[in-house]
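Quick notes on the structure that follows.
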Amino acid sequence: MSEEKQLKPITKKIIWLFAIGQLGWSLMSALLTNFIEAFYQPDDVSVSEGMLYFIPQGRVIFGVFTVIGGIYAIGRVFDAITDPWIGNLSDKSKNPNGRRIPFMKRAAIPLALITIMVYICPTAGNPVYKNLGTNGIINSIWVLVMMLLFYFFMTVYCTPYNALIAELSRDEKTLADISTAISFTFIFGSALGYVAPTIWSAITPMVGSRVWAMRIVFIVLAVIACICCLVPALTIKEPDYVDAKPSEGNAFSSLAKCFSNRAFRVFVGSDICYWVGITMFQTGLLHYVTVLMKLPEAYSTILYIAMTLLSVVCYVPVNRLMQRFPKKKLVMIAFLGMCIVFLITGLSGMFGLPGIVSGVLVVICAAMPMAILGIIPQTIVADIAKSDAVTTGENHDGMFFAARTFSMKLGQSLSILLFTSLGTIGVATGRGYRIAAFVAVIFCLAGTVILHFYNEKKVQDILKGAKF
């Protein structure tokens with residue numbers, strides 16, 4: 001950071017204005033990640049309640065993958081590819097209004113519009129998936145195009161946004177405060193997304209169509225999310241708080257420099273495994289609740305909100321723990337905690353255990369791990385990015401967070417391919433959903449083992465005495 005320029009202090013107000021942006025994009029992400037599979041690959045319960053088929057069903061791609069699984073994976077791969085490009089453009093930007101905020105401002109409204117259009121197909125649905133014909137092909141192409149646009153604008157907003165985490169964090173306390181605030185708004189946005197099933201269940205009788213009840217809810221929540229995304233973009237003057245110089249080099253060279261950092265490579269390997277597991281949990285929650293736990297659809301909202309509230313209670317303790325204990329150990333403990341959550345989910349409905357008991361156990365066991373994983377991983381990326389800047393003399397904050405997002409999206413792509421394919425096994429009994437939950441356990445355990453090799457002490461030693 002330049003010594004000539006006097007920057008304004010990072011106040012609590014600025015931190016929370018910044019954090020509101022995360023509420024917005026996490027809500028839109030939840031609307032897509034949590035419900036795309038339920039909307040386009042509905043189970044027997046939702047079909048019996050009026051859900052329609054819009055695209056071909058079953059494992060029709062090479063006899064292994066479903067159409068929606070393939071579309072989601074293509075979208076995520078495209079998304080992962082654009083991350084380094086946008087990160088590099090942001091790092092190199094010479095815009096007088098800042099390197100990050102201008103990107104966020106341009107992306108917010110298109111992102112909200114596309115979130116809505118993903119769920120509004122050009123042709124009608126059908127109660128029988130074998131009779132979709134040309135309509136099924138048209139709708140599949142539509143969903144693919146909308147998904148690609150969604151992920152493009154999500155990248156344009158989120159990659160610069162995440163880069164600001166490191167750039168606004170001038171010391172460890174500020175980093176902890178920002179991470180806690182955005183973790184709170186992220187989980188609140190995700191929880192707000194999970195309110196959707198309760199709302200559309202309530203308004204379906206009035207609307208007369210389950211499909212349009214869902215779409216109305218998505219429209220309202222997307223508008224709220226858009227407003228939240230615009231808050232930091234319109235209220236924070238980036239040059240007042242950040243004095244970062246544009247970097248040089250193209251996207252590929254910058255990305256290569258990030259992955260030449262061994263600490264980052266280890267973290268990314270662990271992160272991919274984690275995102276496979278957690279995405280399987282989030283994507284399948286509606287099915288786990290209705291099919292495995294035998295509970296009404298609205299319980300997915302109740303359980304997620306309860307999980308969220310209990311997790312929020314854990315935020316203050318986590319903030320204190322990360323200042324006393326190694327971050328790596330806390331994340332590894334959280335991974336193991338999520339393994340227990342996934343295991344309970346997979347065993348739901350077995351051994352005579354009532355579904356509501358399984359749900360309560362999931363809520364209790366997930367609270368602390370969710371709080372840890374919501375706060376600490378991005379601080380680890382910030383630590384690695386800053387230590388790399390000290391070592392190399394080059395600032396690639398945007399690219400480091402883009403590369404981290406790249407790993408997240410690869411994990412989510414693999415997860416949705418696995419989940420949608422596994423979900424077709426034993427549909428009537430939910431056997432595929434159980435298998436998916438157990439696969440999530442395996443990936444989370446793998447993430448724990450890989451993270452063990454992250455040399456946190458070396459990174460922290462580099463940061464000691466450095467000024468930002």
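The values are calculated or read from the model by the stated rules, or taken from the named source; none is laboratory data. Nothing here was measured: the structure is a model prediction, and the numbers come from that model. Methodologically, a virtual Cβ is constructed for each residue, glycine included, from the backbone with ideal geometry; neighbour enumeration extends over all protein chains shown. Calculation scope for accessible area: heavy atoms of the full protein, side chains included, ligands and nucleic acids excluded. Shrake-Rupley method; radii C 1.70, N 1.55, O 1.52, S 1.80 Å.
Points worth noting:
- Cβ charges +1 (Lys, Arg) and -1 (Asp, Glu), total dipole of the chain, debye: 460 debye
- Restricting the calculation to alpha carbons of the range 1-52 gives Rg and Dmax of 21.3, 67 angstrom.
- Using a cut-off of 19 Å between Cα atoms, the listed pairs Lys94/Lys237; Lys328/Lys458; Lys327/Lys464; Lys328/Lys409; Lys105/Lys386; Lys327/Lys457 include Lys328/Lys409; Lys105/Lys386 as exceeding that distance.
- Accessible area of Ser260 in the full protein assembly, 1.4 Å probe (Å², nearest 10): 80 Å²
- Mean projected area (nm²) of the alpha-carbon convex hull when the range 138-247 is viewed from all directions: 9.6 nm²
- Euclidean distance of C-alpha centroids, the range 360-393 and the range 281-351, integer Å: 16 Å
- Taking the Cα atoms of the range 198-329, the ratio Rg/Rh between the radius of gyration and the Kirkwood radius comes to 1.07.
- With all protein chains modelled, accessible area of Leu336 [1.4 Å, Å²]: 80 Å²
- Its residues counted as N, the range 55-200 yields a C-alpha radius of gyration over 2.2 N^0.38 Å of 1.30.
- Largest-first principal axis extents of the Cα set of the range 283-360 (Å): 42, 22, 21
- Volume in Å³ per residue [convex hull over Cα atoms, computed for the chain]: 132 Å³
- Tail weight of P(r) past 18 Å, computed on alpha-carbon pairs of the range 284-414, percent: 63 percent
- A 1.4 Å probe, protein heavy atoms only, puts the accessible area of Arg210 near 20 Å².
- Taking 17 Å as the cut-off, the amide N atoms of the range 11-29 that come nearer than this to a point 7 Å along the Cα-to-beta-carbon line of Asp243 belong to 11.
- Axial C-alpha extent at least 18 Å, average Kyte-Doolittle at least 0.5 - helices from the chain (DSSP): 12-33, 101-117, 133-168, 172-194, 210-235, 262-287, 299-313, 327-346, 355-392, 397-422, 431-451
- Per-residue ellipticity at 222 nm from helix content only, as computed over the chain with -39500 (n - 2.57) for each DSSP H run of at least four residues, stands at -25000 deg cm²/dmol.
- Dipole of the chain, positive end: most advanced residue of Ser413, Ile101, Leu353 [Cβ charges, Cα centre]: Ile101
- Overall, the range 301-401 carries a charge dipole of about 340 debye about its Cα centre when +1 sits on the Cβ of Lys and Arg and -1 on the Cβ of Asp and Glu, all other atoms neutral.
- Kirkwood hydrodynamic radius of the range 318-366, Cα pairs, Å: 12.1 Å
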